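Heads up, the thing below is written out as C-alpha cells.
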Amino acid sequence: GKNEYDLLVIGGGSGGLACAKEAAQFGRKVAVLDYVDPSPQGTTWGLGGTCVNVGCIPKKLMHQAALVGSALKDAQHYGWNISQPVHHTWSVMAQAVQNYVKSLNWGHRVQLQDKKVKYFNMKGSFSDPHTIRGLTKAGKETVITADNIVIATGGRPKYPTDIAGALEHGITSDDLFWLKESPGKTLPSFILYVSLECAGFLTGIGLDTTVMMRSIPLRGFDQAQMASLVTEHMESYGTKFLKRCFPTKVEKLKSNRLQVTWKNADLDTEETDSFDTVMWAVGRAPDTKTLNLETVGVKTNSETGKIIVDASEATSVPHIYAIGDITEGRPELTPTAIAAGKLLAQRLFGQSSELMDYVNVPTTVFTPLEYGCVGLSEEAAVQCHGSDNIEVYHAYYKPLEFTVAERDATQCYIKMVCLREREQRILGLHFIGPNAGEVIQGFALGIKCGATYPQMMKTVGIHPTCAEEVTKLHITKRSGLDATVTGC
C-alpha cells in the first residue's frame, strides 16, 4: 500500500515547479502534473505556467518594446539622427518574444529532468486524498499515488457572461501574447491592471488603443493619487479611455471587424464603435473545475472558488496543500508563489518550521510610466491607524533624462506613508516613474526590516537618480505646501 511518490504537484507554474524542485533537493521522489487547456480562441503553450507563457515575461518584453519606441523619440533631442516616421512590426516582436518563452519552457523541462522530478503532461483529478487520475490529451489514463499532494494550478482569465458575443469574438491576455499578427485597433475592456499594462504597450508600439473602464482603475492599489496619475499619463501618452462605460454586445461585421455596443453610465446613452480586437480583462478564475475537490473534501470559498488554506498552506484535508494564485487571500504574484512553494517543501522534508510572510510584498505595474509600491496604500494606512496617526511625505519630481528630451513629468510622483508617532515607521512607499520596479525592490528590504522616516533621511542618495528623490522627501500632505521638487 505504499504510495509511489513522496510529493505530487498538480500545476507546473512558478509555485508548483519551485516546490517540486526544492523537495527533490532533499532526495525525495517527486512528480509534477501540468496540462494547458486551450483558451476559447485555441491558444496553448508549454510548461511554466502563467508568468512564463502569458504573464510577466511576455508582458515585460512587450513593455520594453514600447519603451524602446519612446527612446527613439528622445534620441533626436540627444543628437541621434533617426529617420522619421519610425515603424513597428508586430510579427518580428511577437516571434522574438514567443521564441524566448519557448526556450523557457524547454529550460523548465530540462531542470525537472536534472533534478529527477518526473513530469507528466496530463490533466489531474482526485480519486481519493492520496490518488490522482491523470489524463493525457489523447485520453490515456495514468493513476498516481503520493504521500503529499500540492495543488498549484493557478487561474485563467474570465470572460464576461452578460455580454452577447463576448466569448465568440473576444480574446484575453491568454491570447494576446501569442498573436502572430498585429491586433490592430484594440479595445481592452474593464480595468484590471493587466488591461492597463497591455493598453500601454499597444499604444507605445503605435496601435490605436481604447480602454473601457466601468469603475475605478487599479482596484486594490493606492487610489488617493497613484491610480489616477497612472491613467492620466496614459491619456497624455495617447491611450483613449471610455470612463464609466460598460459593453453590452459584440458583433462581427462583414469586414471582420468587431462592432462593440456599450452603455455610458454618466450620459445614460448607448454608443458603438468598431475595433479589430476586443480584449477582456475581467479577472481570473481559479483553475479547479476538473480537480474533483469536492470528492476529497478540499474546502473552497464559495464566492471566489479559491482554496482555503492556513498559514502553512494546508487545505482542509491532511497531506493536501495549495499554493499560489489558487489560494484564498494570497497575492496573485509569481515571487510569492515561488517563495511559498520552496518554504512548503522545506517544512515537509527539511525539518523547517518557517512560514511564508505575506506582509510588505513589493510589486510593480508595468504601465508606460511604471508604478511600484510596497506596504500599505494611504487608504489602508488610514483605515488601520486613523488619519490623525498617519504622516504622508510626497513629491512631484522630474527625472533628469526627461529634461533634454522635453518629456512631460507631470505624473512622476513619490509618496511615503508613515506612522506619525516619534519613530515614524514607514508603512508604505509608492513610486511612479522610470524603472519603478528596480527602485522599489531596493527600498522593499528597508521597509521589510522596519525602516523609519529618520533612517530614510540619513540614507545618502545616489545623484542624479530618480530613486534618490525618496531619500529627500520632506514635504507632508498635511502642510499643504507645494510638493514639486525644484533644483538639483
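Yes/no matrix, rows are residues, columns are (1) under 27 Å from Arg28 (Cα atoms); (2) without any contact (Cβ under 8 Å) to a residue 40 or more places away in the chain; (3) among the charged types (D, E, K, R):
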| position | (1), (2), (3) |
| --- | --- |
| Glu313 | yes, no, yes |
| Pro318 | yes, no, no |
| Ile323 | yes, no, no |
| Leu344 | yes, no, no |
| Arg347 | yes, yes, yes |
| Gly350 | yes, no, no |
| Met356 | yes, no, no |
| Asn360 | no, no, no |
| Thr367 | no, no, no |
(request) State yes or no: is Thr186 open to solvent by less than 60 Å² (accessible area, probe 1.4 Å), at pLDDT 95 or above, touching a Pro at 6+ places or on another chain (Cβ under 7 Å) and of a type outside the set (A, V, I, L, M, F, W, C)? (result) no
(request) For Ser236, state whether it is outside any loop (DSSP other than H, G, I, E, B) and either outside the structural domain of Glu271 (by the TED database) or over 26 Å from Val68 (Cβ atoms) (or both). (result) no
(message) For Glu251, only one of the following conditions fails: (1) modelled with pLDDT of 95 or more; (2) in the same structural domain as Phe126 (by the TED database). What is its number?
(response) (2)
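Looking only at segment 267-276, which residues are open to solvent by 20 Å² or more (accessible area, probe 1.4 Å) and under 30 Å from the mean Cα position of the chain (by Cα)?
First pass over segment 267-276, keeping only residues open to solvent by 20 Å² or more (accessible area, probe 1.4 Å): 267-274, 276.
Selection gives Asp273, Ser274, Asp276.
With respect to Ser182, determine if the residue is farther than 23 Å from Ser39 by Cα, part of a loop (DSSP other than H, G, I, E, B) and over 18 Å from the mean Cα position of the chain (by Cα). Outline the logic, then answer.
On the way: farther than 23 Å from Ser39 by Cα: no; part of a loop (DSSP other than H, G, I, E, B): yes; over 18 Å from the mean Cα position of the chain (by Cα): yes.
Taking the combined requirement at face value, the residue does not satisfy it.
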(message) Being more than 15 Å from the chain's Cα centre (by Cα) and surrounded by 21 or more Cβ atoms within 10 Å (Cβ to Cβ) is the filter here; which residues of segment 49-66 pass it?
(response) Ala66
(message) I'm told Ser39 meets every condition in (1) among the polar types (S, T, N, Q); (2) open to solvent by less than 20 Å² (accessible area, probe 1.4 Å); (3) closer than 28 Å to Ala146 by Cα except one. Can you identify the failing condition by its number?
(response) (3)
(message) Residue under question is Ala75, and the condition is that it be within 22 Å of the chain's Cα centre (by Cα) and either open to solvent by 50 Å² or more (accessible area, probe 1.4 Å) or more than 24 Å from Thr364 (Cβ to Cβ) (or both); does it hold?
(response) no
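Could you list, in sequence order, the residues of segment 124-164 that are among the charged types (D, E, K, R) and either open to solvent by 70 Å² or more (accessible area, probe 1.4 Å) or under 25 Å from the mean Cα position of the chain (by Cα) (or both)?
Restricting attention to segment 124-164, the residues satisfying the condition of being among the charged types (D, E, K, R) are 128, 133, 137, 140-141, 147, 156, 158, 162.
Correct list: Arg133, Lys137, Lys140, Glu141, Arg156, Lys158, Asp162.
The values are calculated or read from the model by the stated rules, or taken from the named source; none is laboratory data. What you see is a predicted model; the values in this text were computed from it and never measured. FYI the Cβ positions are ideal-geometry reconstructions off the backbone, even for glycines, and counts take in every protein chain you see. Surface areas here come from the heavy atoms of the whole protein model, side chains and all, with no ligands, DNA or RNA. Shrake-Rupley method; radii C 1.70, N 1.55, O 1.52, S 1.80 Å.
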